[in-house]
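The values are calculated or read from the model by the stated rules, or taken from the named source; none is laboratory data. Every value quoted in this text rests on a predicted model; they were computed, and no experiment measured them. Here the Cβ positions follow ideal geometry from the backbone for every residue, glycine too, while neighbour counts run over all protein chains shown. Surface accessibility is based on the protein's heavy atoms, side chains included, excluding ligands, DNA and RNA. Shrake-Rupley method; radii C 1.70, N 1.55, O 1.52, S 1.80 Å.
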Amino acid sequence: MSDPGRPVEPTIDLASMDDVSDLARLRWELYVEQEGAREELGAYTDRFVGFALQALGSDRWRAWVARGTSGPVAAMWLQTVHRVPVPGKQAGPIGYLTNVYVRPEHRDRGLGTRMLERVMAWCREQGYSCVITWPAARSRPFYRRGGFDRPDEPFVVVLVRDQPR
């Protein structure tokens, strides 16, 4: 039985084409928070939709969303970078984690951590060699807790070292 006084935890799923407008809003909110409004939401959404439909329709991009009772409240995007084959080694793809955003009212409750764990588990299952990101200064502690390392440069978490064949 659920506690009626306790907020419902958002669910985390892969984003679908139906989420594109919400993903645009979340990304717009991220940049408004960081830099202030530089473009109206409608104009940005028009530009974003073309990219997102193409990206999510390919095998190069995945996005995860956390859905609260009123819709998506957080997102994480992962681009797959396929590597050129390495002589004598099995080298998995590299994941580029970007556009990570949790609405302020959902922060500091473990949602970002749960999402990051979900993305990393997916990457491990898919055989990725590593995941990189370029975090904002304020989010570096979050990524360090998630296993990323290398201050002042892209953070990398090595999931599987390249193995000799």
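Worth pointing out:
- Tally, over the range 144-158, of residues that are buried (at least 18 other Cβ atoms within 10 Å of the Cβ) and at pLDDT 85 or above: 3
- Residue list for the range 54-71, filter: of a type outside the set (D, E, K, R) and either under 22 Å from residue 136 (Cα atoms) or in contact with a strand residue (DSSP E or B) (Cβ under 7 Å, 6 or more places away or on another chain) (or both): 55, 56, 61, 63, 64, 65, 66
- Of the strands (runs of 3 or more DSSP E) that lie entirely inside the range 12-117, those containing 1 or more residues that are farther than 27 Å from residue 130 by Cβ and either modelled with pLDDT of 95 or more or of a type in the set (Val, Ile, Thr) (or both) span 61-68, 71-81.
- Criterion (exposed (fewer than 11 other Cβ atoms within 10 Å of the Cβ), closer than 20 Å to residue 9 by Cα and not hydrophobic (A, V, I, L, M, F, W, C)) met by exactly one of 125, 105: 105
- Residue in the range 132-143 that is at pLDDT below 95, among the β-branched types (Val, Ile, Thr) and open to solvent by 30 Å² or more (accessible area, probe 1.4 Å) present: yes
- Selection of the range 29-71 for residues being open to solvent by 60 Å² or more (accessible area, probe 1.4 Å) and free of Cβ contacts under 8 Å to residues at least 24 places away in the same chain yields 31, 35, 37, 38, 40, 46, 47, 51, 54, 59, 60, 70.
- Residue in the range 54-61 that is closer than 30 Å to residue 161 by Cα, of a type in the set (S, T, N, Q) and under 17 Å from the mean Cα position of the chain (by Cα) present: yes
- Enumeration of residues in the range 14-40 that are under 17 Å from residue 76 (Cβ atoms) and charged (D, E, K, R): 19, 22, 25, 27, 29, 33
- Qualifying residue in the range 100-122 (condition: in contact with a strand residue (DSSP E or B) (Cβ under 9 Å, 6 or more places away or on another chain), among the polar types (S, T, N, Q) and at negative phi): no
- Flag if residue 107 is under 14 Å from the mean Cα position of the chain (by Cα), under 20 Å from residue 143 (Cβ atoms) and of a type in the set (Lys, Arg): no
- Matching residues, the range 72-98, being out of contact with any strand residue (DSSP E or B) (no Cβ under 7 Å at 6 or more places or on another chain), hydrophobic (A, V, I, L, M, F, W, C) and open to solvent by 50 Å² or more (accessible area, probe 1.4 Å): 84
- Those residues of the range 118-133 which are within 12 Å of the chain's Cα centre (by Cα) and either touching a residue at least 40 places away in the same chain (Cβ under 8 Å) or outside any helix (DSSP H, G or I) (or both), in sequence order: 118, 119, 122, 123, 131, 132, 133
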